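The values are calculated or read from the model by the stated rules, or taken from the named source; none is laboratory data. All figures in this text were calculated on a predicted structure; none of them were measured in a lab. As a convention, Cβ positions derive from the backbone with ideal geometry for all residues, glycine included, and neighbour counts pool all protein chains shown. Side chains included, ligands, DNA and RNA excluded: accessible areas come from the protein's heavy atoms. Shrake-Rupley method; radii C 1.70, N 1.55, O 1.52, S 1.80 Å.
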Amino acid sequence: MKISIKKFLALLLSLLPALLTPCASAISLESTVGQYGMLPVYGFDIADGAYAVTVESDCALLQDVLADITVTDGTITAELMPDNADLSALSMESSETAAENAIEANSDGVFTIPVKALDTEIPLSVYDTQKQQWQNCTILFRADSLPQEALLIDLPDYDLIEKALDRYEEQSSKANDIASPIEAVSVDMADGEYAVSVELTGGSGKASVSTPTLMLVRDGKAYARLEWSSSNYDYMIVGTETYYNTSAEGSNSVFEIPIGCWDSKMTVIADTTAMGTPHEVQYTLTFYQSSIGGKGQLPQEASKRVVFVAMLIIIGGGILNYYVKKKRSI
């Protein structure tokens, strides 16, 4: 189910009062009773009166328990009516000291116990007559089972929280699937330096990488030395590995990363500081195997050739000019 931003914000706002209460504690993800994120509902959150309430427990002896609570001046007491003949006593203490402070049922089989709050785990012990032993367990009284007029507060939508949590876990699981190790592809080429065309997509579209880019072959594996159009990139994440900028300060960022595949998009993350604070941006890189060629195809190599030819022309022109002047002076 898609959760709207409006509903999610309303949920967060509904949680604020409880979150700001110093002693409030939410039920953890590992709880076996209640729902994740549940916050205590105290006696002063409930109108005085007697109410039937739903009970949850991780103990077999307290399953399908009927209960009534009585609220008086902020104090809650509960009457438990377990439908299990093996439960002969209970205690608000752990099983080690339970026998010293046992609570027995009245003639109607009802146990009366104090309740600190609803929607919160209450530890207690029960005596199993069949096993002849005390055992620890947990019980919880559901506030959402009370009549609406009994509650003096609005309860958070715990079903919505649970759905949001499930959605988050699903998205996290997908993200973990994407973030798997990426190894450099094997190539049947001699170790050395080559050129390969690369296509960058993603981000705002303002950034680019030089193409063709330098391809390094080491031990039969292919790596790329990427040069960005900006000096603001400080690291890249490829698979599960982080690679850092190797260029001098003020120069365009350069990274040496593995080429994980040919002719398919390879997802990477690059961190930029151009926005004032570090910001990770997702990109894709596509390396085209058919474009692999000699290092001479690289833009910087072409620039070197242009400079070299220009120097030859300048030197040649100077020499020619010298001999022309010398001939005229004779």
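Numbers below:
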read-out	value
Hull-based mean projected area of the range 218-300, where the convex hull spans the alpha carbons, in square nanometres	6.3 nm²
For the range 47-150: accessible area per residue (Å², 1.4 Å)	51 Å²
Mean shadow area of the range 106-172, taken as a quarter of the surface of its Cα convex hull (nm²)	8.2 nm²
Zone residues, the range 229-259, relative to GLU199, backbone N less than 16 Å from point 7 Å out along Cα-to-Cβ	none
Theoretical gain in end-to-end length, VAL281 to GLN130 [0.36 nm per residue, Cα-Cα removed]	48.1 nm
Average projection area in nm² (convex hull over Cα atoms of the range 93-136, one quarter of hull surface)	3.9 nm²
Modelled label reach - GLU249, point 7 Å along Cα→Cβ, the range 209-240 residues with backbone N closer than 16 Å	231-234
Amide H partners (placed H, <5 Å) of SER229, local residues excluded	SER208
Gain on full stretching of the segment that runs from ALA47 to MET92 - 0.36 nm per residue minus C-alpha separation	13.7 nm
Near-label residues of the range 52-80 by backbone N, under 18 Å of a point 7 Å along Cα→Cβ of THR112	52-53, 66-80
VAL198 accessible area, 1.4 Å probe, all protein chains in place, Å² to nearest 10	10 Å²
Nitroxide proxy distance, nm - points 7 Å out along Cα→Cβ at ASP166 and SER264	3.2 nm
Of all accessible heavy-atom area on the range 31-140, the percent that carbon and sulfur account for (1.4 Å)	46 percent
Rg/Rh ratio calculated on Cα atoms of the range 57-153 (Kirkwood radius)	0.97
Difference of contour (0.36 nm per residue) and Cα-Cα distance, SER230 to SER145	24.6 nm
Probe 1.4 Å, all protein chains present, accessible-area order of LYS206, LYS221, LYS131, LYS163, largest first	LYS206, LYS131, LYS163, LYS221
Estimated FRET transfer efficiency when R0 is 35 angstrom, pair LEU66-ILE153 (beta carbons, to 0.05)	0.90
The range 234-291: GluC sites (Glu not before Pro) in DSSP loop, at most 13 other beta carbons within 10 Å	GLU249
